[in-house]
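Down below is the structure, laid out as structure tokens.
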């Protein structure tokens with residue numbers, strides 16, 4: 001086995017009992033009467049709720065159309081995305097648990113502001129840490145912009161239902177600027193209310209969407225059969241992969257758990273809940289609306305619902321969820337940036353300035369590409385597959401080849417069938433990233449989604 005990287009990473013210390021270093025990462029201090037480190041507060045139910053709330057959101061309205069474009073193949077793609085996402089989520093949880101057990105003083109007993117990049121550091125050194133941090137930053141930034149665009153588009157539809165037409169380019173700055181103060185939260189332990197809000201709005205939005213689609217039975221008589229092509233399936237793959245993305249927040253959540261070893265179970269339960277939710281909304285909308293999206297020029301299922309009260313409920317739930325999800329999604333990037341810039345852990349004017357500047361940059365990008373289907377087809381394909389599929393697998397393979405510290409248990413070597421499964425996941429993720437990105441660029445060139453000019457040019 002190769003030797004591990006032993007260079008020290010500076011972290012912010014937390015108050016701990018004197019014998020904290022003697023406990024394993026998977027053990028709860030409460031079990032032996034000891035005080036937990038100040039940052040470990042989350043339990044399994046809350047974490048599962050946060051995972052479901054984080055991942056399911058915008059997918060409520062773009063996932064049904066993705067299934068429509070892919071036909072019945074869409075459900076096969078969905079099962080593959082669910083299986084690979086669950087697997088890589090567990091790999092990330094396992095990787096962080098290994099680091100906590102190998103280096104308890106550095107990763108278990110101290111507040112770590114960048115768990116995922118730390119995995120990259122211990123496996124590939126400074127290069128691994130930087131590459132991981134950059135990829136996470138690009139993904140969380142790009143996907144947050146897409147979610148803000150979905151929220152702005154939903155609010156624009158809400159006011160059209162009231163016969164009030166307000167441009168999407170007006171709603172984009174309102175949404176982003178209005179939610180900017182929410183980005184000032186610290187770490188997931190400070191966001192329990194945000195996590196509960198995400199989960200609650202997801203449940204209510206899902207129930208409303210299922211109800212609305214059932215009420216639409218007969219409203220669109222004889223929807224034509226969906227005839228998928230390779231291009232449509234490839235494009236749908238990016239949207240489906242993005243609908244299941246979000247594994248990159250798992251180490252950050254795990255670091256704040258009372259018992260970090262429970263994250264593997266939490267990840268599995270969370271993605272089981274996500275898959276169940278998507279089946280619950282995907283099957284009825286697929287059967288009821290068919291190819292109606294193309295006939296009506298609809299970008300998402302929300303535009304096809306005919307019951308206005310249901311539309312209003314979904315818009316309110318969806319907009320609330322997306323704003324909360326953006327708060328949660330960007331937190332790992334904020335933690336890493338603030339550590340690099342030596343910004344204090346507690347809230348300060350430096351944190352407010354940095355995160356407000358980040359919001360301003362998101363506003364500029366959103367105003368430059370005010371069309372979320374175009375954005376998702378590219379970001380959802382390449383970056384989602386890389387950050388949530390390829391990178392966790394590569395890091396875990398490398399981790400299993402490293403020599404552990406004295407007295408610690410090695411994670412590897414893996415058996416041949418374990419390595420084979422990981423290689424299959426990497427291959428599937430690479431294929432999804434390549435095909436969906438090519439499809440996204442093709443749609444932009446063909447103007448399939450009616451790409452509009454930037455807001456600062458058209459207004």
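Brief remarks follow.
Table: residues versus (1) surrounded by fewer than 24 Cβ atoms within 10 Å (Cβ to Cβ); (2) over 20 Å from residue 284 (Cβ atoms); (3) in contact with a strand residue (DSSP E or B) (Cβ under 8 Å, 6 or more places away or on another chain).
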| residue | (1), (2), (3) |
| --- | --- |
| 46 | yes, yes, no |
| 57 | no, no, no |
| 60 | no, no, no |
| 66 | no, no, no |
| 72 | yes, no, no |
| 81 | no, no, no |
| 90 | yes, yes, no |
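- Residue check for residue 239: at pLDDT 80 or above, over 23 Å from residue 42 (Cα atoms) and in a helix (DSSP H, G or I): no
- Filtered by the rule that a residue be surrounded by fewer than 16 Cβ atoms within 10 Å (Cβ to Cβ) and within 30 Å of residue 102 (Cβ to Cβ), the stretch 123-171 gives 125, 126, 127, 130, 131, 134.
- In the condition set (1) touching a helix residue (DSSP H, G or I) at 6+ places or on another chain (Cβ under 7 Å); (2) farther than 30 Å from residue 296 by Cα, residue 103 is compliant with all but (1).
- Number of the exception - residue 40 against (1) at pLDDT below 80; (2) under 14 Å from residue 245 (Cα atoms): (2)
- Residue in the stretch 264-271 that is touching a helix residue (DSSP H, G or I) at 6+ places or on another chain (Cβ under 7 Å) and under 19 Å from residue 60 (Cβ atoms) present: yes
- Among the conditions (1) surrounded by fewer than 24 Cβ atoms within 10 Å (Cβ to Cβ); (2) in contact with a strand residue (DSSP E or B) (Cβ under 7 Å, 6 or more places away or on another chain), the only one that residue 263 does not satisfy is (1).
- Criterion violated by residue 134 - all others in (1) farther than 14 Å from residue 387 by Cα; (2) out of contact with any helix residue (DSSP H, G or I) (no Cβ under 8 Å at 6 or more places or on another chain) satisfied: (1)
- Qualifying residue in the stretch 368-382 (condition: at pLDDT 80 or above and surrounded by 17 or more Cβ atoms within 10 Å (Cβ to Cβ)): no
- Residue in the stretch 106-129 that is more than 27 Å from residue 298 (Cβ to Cβ), part of a loop (DSSP other than H, G, I, E, B) and over 23 Å from the mean Cα position of the chain (by Cα) present: yes
- Test: residue 216 is under 27 Å from residue 73 (Cβ atoms) and modelled with pLDDT of 75 or more: yes
- Any hit, the stretch 411-421, residues being surrounded by 15 or more Cβ atoms within 10 Å (Cβ to Cβ), modelled with pLDDT of 75 or more, under 16 Å from residue 84 (Cβ atoms) and touching a helix residue (DSSP H, G or I) at 6+ places or on another chain (Cβ under 6 Å): no
- Matching option when the condition is surrounded by fewer than 22 Cβ atoms within 10 Å (Cβ to Cβ) and in a loop (DSSP other than H, G, I, E, B), among 295, 347: 347
- Any hit, the stretch 305-316, residues being in contact (Cβ under 8 Å) with a residue 40 or more places away in the chain, closer than 30 Å to residue 112 by Cβ and part of a helix (DSSP H, G or I): no
- Complete set of residues in the stretch 276-291 that are assigned to a helix (DSSP H, G or I) and surrounded by fewer than 18 Cβ atoms within 10 Å (Cβ to Cβ): 276, 279, 280, 283, 287
- Here the condition is being within 24 Å of residue 390 (Cα to Cα) and modelled with pLDDT under 85; of 107, 116, it holds for 107 alone.
- Among the numbered conditions (1) over 21 Å from the mean Cα position of the chain (by Cα); (2) surrounded by 24 or more Cβ atoms within 10 Å (Cβ to Cβ), the only one that residue 103 does not meet is (2).
The values are calculated or read from the model by the stated rules, or taken from the named source; none is laboratory data. These figures come from a predicted structure and were not determined experimentally. Because the Cβ atoms are built from the backbone with ideal geometry, glycine has one as well, and the counts that use them run over all protein chains shown.
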